[in-house]
Amino acid sequence: MKKIVIHGGRRLMGTVEVSGAKNAALPLLCATLLCPGEHRLGNVPDLRDIQTVLQLLETLGATAVNDQGQVRVNADQVVSVEAPYDLVKTMRASVLVLGPLVARLGQARVSLPGGCAIGARPIDLHLKGLEAMGAEISLDHGYVEARAEKLQGATIYFDIPTVGGTENLMMAATLAEGTTILENAACEPEIVDLANALNGMGACVRGAGTDTITIEGVEALQPMDYQVMADRIEAGTFMVAAAMTQGDVLVANADPDSLEAVISKLREAGAEVSLGDDGIRVKGPQQIKPLQIKTSPHPGFPTDMQAQFMAMLTLAKGTSVIAENVFENRFMHVCELQRLGSKIRIDGKQALVEGVDQLLGAPVMATDLRASASLVLAGLAADNTTEVSRIYHLDRGYERLEEKLLALGADIRRVSVDAS
Ligand code: UD1
């Protein structure tokens, strides 16, 4: 078991490179199931979730080789259509094999993901969409089974703009007969990345990045050769780290277009944010100003940045209000932030964060991926020592986080719990 130990109070300075986006790489890797051949995907981050999806592809019969972020998947042989419980329960995004498997092989059997730390997160909208495309859906011993000899194009309206649902159905529709229109689709940049890769494979996807996506089904696809986009959430996390340590950090290769809400809220908090060809530079203010934040689907403020902003706002001069509108149980970092001396009160979907002058280091426990990032950020700004345990959550989604922060001047290290 490892933990991260931080001696806070250092200003972060310098340049940091962001890795490839986890949330783009996962659907892209699932899309390799759509057609036989050797697929190539570059800029794939080295993360636990990536290892899980590669393991899943191998369970299905594909072969995968990861050579320092250059991943080759051979999908000639897909001999199984079952995504087993053991893999799906460790990573919900495993359900993204559903659409590609039904589209290519006419059937899929995928374990239901069940609840997760940040809420119920059902997949009913993925299933409703596949049903509208002519798939027969049944439930068997905790598994969803979907069958369709040939999927048919359909017009599908999402009650909620779901990222995974939009990706699953977009992939399924590439090989369907006729035209599929996804209405009230999610607009996240990772969906645009997936659409670009699919079009490179010979698919015909239009409108990705807007709430209406049209997919003309094609007879066959060819293997992908694609570079994963930069991770906007990792970028945003470094930007907050700079802002809350009165730092001055250039987040190289961050894409400002995918971070508009984050940039705008950082400026409102008093940070100086400049956009250049080389990335996004953030200079932290002397004093953080309080904010009103409401998470919502893209282009709104991302729920995946809520915990990090909360860590920053614990040090604001005044009271901030954060409304979490995407997931129902995404305030688990609050109790841990309180251990560092922050003043936060939860009122239903809202958290009221009353800024304090200083946080005081303490042992804390990560509860989910972005929550763990918020604890690291708080530790960077806190007095004395903060120890973050259960960092396997962090390793799901941040590549070499402590190394990157160390290079920016943080006093941070990963230690074995026994050795400490
Ligand atoms: C993706 C991201 C995750 C991010 C989330 C919201 C990946 C791998 N994960 O998760 O990091 O926090 O988008 O930006 O890309 N919902 C339903 N029924 C469904 C599907 C979703 O009710 O069939 C609800 C969910 O419970 C949630 C909301 O819709 O309240 C949004 O979820 P969704 O966009 O699907 O999130 P994910 O794709 O799971």
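Looking only at the stretch 368-397, how many residues end up being basic (Lys, Arg) and outside any helix (DSSP H, G or I)? If you could, list the steps in order and put the result at the bottom.
Taking the stretch 368-397 and keeping what is basic (Lys, Arg), we get 370, 390, 396.
Add one more test, that the residue is outside any helix (DSSP H, G or I), and what stays is 390.
Within the stretch 368-397, residues that are basic (Lys, Arg) and outside any helix (DSSP H, G or I) number 1.
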Only residues in the stretch 265-285 that are loosely packed, with under 14 Cβ neighbours inside 10 Å and of a type in the set (Gly, Ala, Ser) count as the first member; pair them with residues that are at pLDDT 95 or above and part of a strand (DSSP E or B), Cβ under 8 angstrom, at least 6 apart or cross-chain, and list the lot.
-> 274/280; 274/281
Residues that are within 11 Å of the ligand (Cβ to nearest atom) and among the acidic types (Asp, Glu): which helices (runs of 4 or more DSSP H) entirely in the stretch 68-154 hold 1 or more of them?
-> 124-132
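In the stretch 58-67, is there at least one residue being among the charged types (D, E, K, R) and in a loop (DSSP other than H, G, I, E, B)? Please lay out each step first, then the result.
Residues of the stretch 58-67 among the charged types (D, E, K, R): 58, 67.
Of the ones still in play, those that are also in a loop (DSSP other than H, G, I, E, B) are none.
No, because not a single residue in the stretch 58-67 is among the charged types (D, E, K, R) and in a loop (DSSP other than H, G, I, E, B).
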Does residue 183 fit the bill of being touching a Phe, Trp or Tyr at 6+ places or on another chain (Cβ under 6 Å) and within 16 Å of the ligand (Cβ to nearest atom)?
-> yes
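Can you tell me how many residues within the stretch 173-223 are assigned to a loop (DSSP other than H, G, I, E, B), in contact with a strand residue (DSSP E or B) (Cβ under 8 Å, 6 or more places away or on another chain) and within 17 Å of residue 133 (Cβ to Cβ)? Give the derivation first.
The initial filter retains those residues of the stretch 173-223 that are assigned to a loop (DSSP other than H, G, I, E, B), namely 175-176, 178, 184-188, 201-203, 207, 209, 211, 217-223.
If we keep only those that are in contact with a strand residue (DSSP E or B) (Cβ under 8 Å, 6 or more places away or on another chain) too, we end up with 176, 178, 184-185, 187, 203, 207, 211, 217-218, 223.
Checking which are within 17 Å of residue 133 (Cβ to Cβ) leaves us with 176, 178, 184-185, 203, 217-218.
Residues flagged as assigned to a loop (DSSP other than H, G, I, E, B), in contact with a strand residue (DSSP E or B) (Cβ under 8 Å, 6 or more places away or on another chain) and within 17 Å of residue 133 (Cβ to Cβ) within the stretch 173-223 amount to 7.
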Does residue 51 fit the bill of being in the same structural domain as residue 145 (by TED's automatic domain parsing), out of contact with any Phe, Trp or Tyr (no Cβ under 6 Å at 6 or more places or on another chain) and part of a helix (DSSP H, G or I)?
-> yes
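Test residue 29 against the criterion of being within 16 Å of the ligand (Cβ to nearest atom), under 20 Å from residue 125 (Cα atoms) and not assigned by TED's automatic domain parsing to the domain that holds residue 281, and give yes or no. Quick ask: steps written out before the conclusion?
On the way: within 16 Å of the ligand (Cβ to nearest atom): yes; under 20 Å from residue 125 (Cα atoms): no; not assigned by TED's automatic domain parsing to the domain that holds residue 281: yes.
The answer is no for residue 29.
Among the residues of the stretch 267-306, which ones are assigned to a loop (DSSP other than H, G, I, E, B) and modelled with pLDDT under 95?
Our first condition is that a residue be assigned to a loop (DSSP other than H, G, I, E, B); within the stretch 267-306, this holds for 269-271, 277-278, 284-291, 296-300, 302.
Within the stretch 267-306, 277, 278 meet the criteria.
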Just need a number here: residues in the stretch 180-211 that are under 22 Å from the mean Cα position of the chain (by Cα) and not charged (D, E, K, R).
-> 17
Which members of the stretch 327-366 meet the condition of being at pLDDT below 95 and small (Gly, Ala, Ser)?
-> 348, 366
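The values are calculated or read from the model by the stated rules, or taken from the named source; none is laboratory data. Fair warning: this is a prediction, and the values are worked out from it, not measured in the lab. Cβ coordinates were reconstructed from backbone atoms using ideal geometry, including for glycine residues, and neighbour counts include every protein chain displayed.
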